[in-house]
1. Looking only at region 155-201, count every residue that is part of a loop (DSSP other than H, G, I, E, B) and either over 20 Å from Ile399 (Cβ atoms) or at pLDDT below 90 (or both) and tell me the total.
2. Which members of region 262-320 meet the condition of being of a type in the set (A, V, I, L, M, F, W, C) and under 13 Å from Ile250 (Cα atoms)?
3. Does region 116-132 contain any residue that is buried (at least 18 other Cβ atoms within 10 Å of the Cβ), β-branched (Val, Ile, Thr), under 26 Å from Ser22 (Cα atoms) and at pLDDT 90 or above?
4. Failed condition for Asn356, given (1) at pLDDT below 95; (2) within 15 Å of Phe219 (Cα to Cα), with all others met?
5. Is it the case, given these coordinates, that Val333 is out of contact with any strand residue (DSSP E or B) (no Cβ under 8 Å at 6 or more places or on another chain), part of a helix (DSSP H, G or I) and of a type in the set (A, V, I, L, M, F, W, C)?
6. Is it the case that Asp336 is more than 18 Å from the chain's Cα centre (by Cα) and within 21 Å of Ala187 (Cα to Cα)?
7. Please go through region 91-112 and give me each residue that is in contact with a helix residue (DSSP H, G or I) (Cβ under 8 Å, 6 or more places away or on another chain), modelled with pLDDT of 90 or more and not in a helix (DSSP H, G or I), ordered by number.
8. Restricting attention to region 63-90, and to residues there that are at pLDDT below 95 and of a type in the set (D, E, K, R), which single residue is surrounded by the most Cβ atoms within 10 Å (Cβ to Cβ)?
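The values are calculated or read from the model by the stated rules, or taken from the named source; none is laboratory data. Quantities reported herein were computed from a predicted structural model and do not represent experimental measurements. We place every Cβ from the backbone using ideal geometry, glycine too, and count neighbours over all the protein chains shown.
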Amino acid sequence: MKKEFTFIDLFSGIGGFNMALSNNGGKCINFSEINKDAINTYCENYKEKPENNLGDITKVKELPKHDILTAGVPCQSWSIAGKNLGFDDDRGKLWNDTIYLLKQSQPKAFVFENVKGLVDPRNKESFSYILNRIKQAGYYAKHYVINSFDYGVPQNRIRVYIVGFKKKKYLDDFILPKPSENKIKLADILSVNIPKEKENISLNRQMSLSSKNGFNDYFLFNDLRNGHSTIHSWDILKTSERQKEICLTILKNRRKNQFGKLDGNPLSLKQLKTLDSSIFKKELDELVILNVLKKIIEIDEIKYEFKNTKISSGLSGVNRIFLPTSDVFPTLVASDTNDYVTLKTLKKENHKDYKNDFLNEIYFSKNYRKIYKEEACLIQGFPKDFKLPETRTRWMKLIGNSVSVSVVDVIVKTIIKTGVFKTK
């Protein structure tokens, strides 16, 4: 392919920007990265020379001439998963270094990517500052909140993309295409054939990452919420029907205002007896021994609360298990997650049987696993043979920190259509 434009790739990671731009006629002039694994991966896959790495961006004072600048600025400063320190975090201040180099080098266009937390109301002042700095650097820019699922990959990954041009007419001509109608689904990545489901209009659609015909397409493991596809600790431990009944009584009432102002209130035996007078202390203590409940002492009064009180941690090392019928997989993150997939599909006749079939045919049968490296690559828009380190913690960190190639591909194609690279 004839090279139509040149680019510099800041905070390059493993080259999500590089792959999309190179596939559309771009030539990489330089890249900037400090993580050793990312550098090696970048050079190996794109045949880049290590000396083309600019290294630490804070030490770069000048960039060579190029047409488009890209940057996946470190996101932890603005992420809910991080400490949300914004410009109080050194990583947040890297925005200043990025915009300084934008102003110094004056490319025809740029694309910056970050987490959606950057545009949350709590970061309004900081985001306005960033946009003003970009304007002061001589650019017209717009930001777009994009879910990767809308543009070519089965991943629920919402990110902010800031696209800018030196000339306003190109920004006016930059119009993102509508989300793809023929979306890639999780089953396509897992290579599973999904049987056609029959309609069941008696069931309401659920609020879920992916749900069809009233049934969620994944099962969530926690003790703090309830739903037809929620698995509780008392579902997977050897508990009696009576113990399950007590647990559900606590679950359904722990958030009521009459028991306190918390989102989930520990309940005393006296309070529980107002709900079910047949509950005895011995029964509660047995659930403590089973590690379903824990005791909390409040003003010389013993109260009971579920032991597992963090939803994101899941139960017994499992947070969610996704069926191949799911449209999407959750956001891939550098630290990995306790999310799993199963290749087995389930009949969806009613909620009770659906849950029981899941427990017996998938969970207790251990018919589930974490996604493979090749699948993670496809979920981010990379080819499945993309070369990554062998160790899961290493390749997951790299792939989780990357941009989705398919999204950048759509953006760069739209940039090219404006004709910005045809001008001298």
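1. Taking region 155-201 as the starting set, the residues that turn out to be part of a loop (DSSP other than H, G, I, E, B) are 157, 166-167, 174-185, 191-201.
From what is left, the residues that are either over 20 Å from Ile399 (Cβ atoms) or at pLDDT below 90 (or both) are 166-167, 174-183, 192-201.
Qualifying residue count, region 155-201: 22.
2. Our first condition is that a residue be of a type in the set (A, V, I, L, M, F, W, C); within region 262-320, this holds for 262, 267, 269, 272, 275, 279-280, 284, 287-290, 292-293, 296-297, 299, 302, 306, 311, 315, 318.
Leu267, Leu269, Leu272, Leu275, Ile279, Leu284, Leu287, Val292, Leu293, Phe306 - these are the residues of region 262-320 that are of a type in the set (A, V, I, L, M, F, W, C) and under 13 Å from Ile250 (Cα atoms).
3. Checking region 116-132: not a single residue is buried (at least 18 other Cβ atoms within 10 Å of the Cβ), β-branched (Val, Ile, Thr), under 26 Å from Ser22 (Cα atoms) and at pLDDT 90 or above.
4. Asn356 satisfies all of (1) at pLDDT below 95; (2) within 15 Å of Phe219 (Cα to Cα) except (1).
5. Working: out of contact with any strand residue (DSSP E or B) (no Cβ under 8 Å at 6 or more places or on another chain): yes; part of a helix (DSSP H, G or I): no; of a type in the set (A, V, I, L, M, F, W, C): yes.
The answer is no for Val333.
6. On the way: more than 18 Å from the chain's Cα centre (by Cα): no; within 21 Å of Ala187 (Cα to Cα): yes.
Considered against the rule, which asks whether it is more than 18 Å from the chain's Cα centre (by Cα) and within 21 Å of Ala187 (Cα to Cα), Asp336 comes out as no.
7. Residues satisfying the conditions are Lys108, Ala109, Phe110, Val111, Phe112.
8. Here is the first cut: in region 63-90, the residues at pLDDT below 95 are 72-90.
Imposing the further condition that a residue be of a type in the set (D, E, K, R) reduces the set to 83, 88-90.
Numbers: Lys83: 11, Asp88: 11, Asp89: 16, Asp90: 11.
This residue is Asp89.
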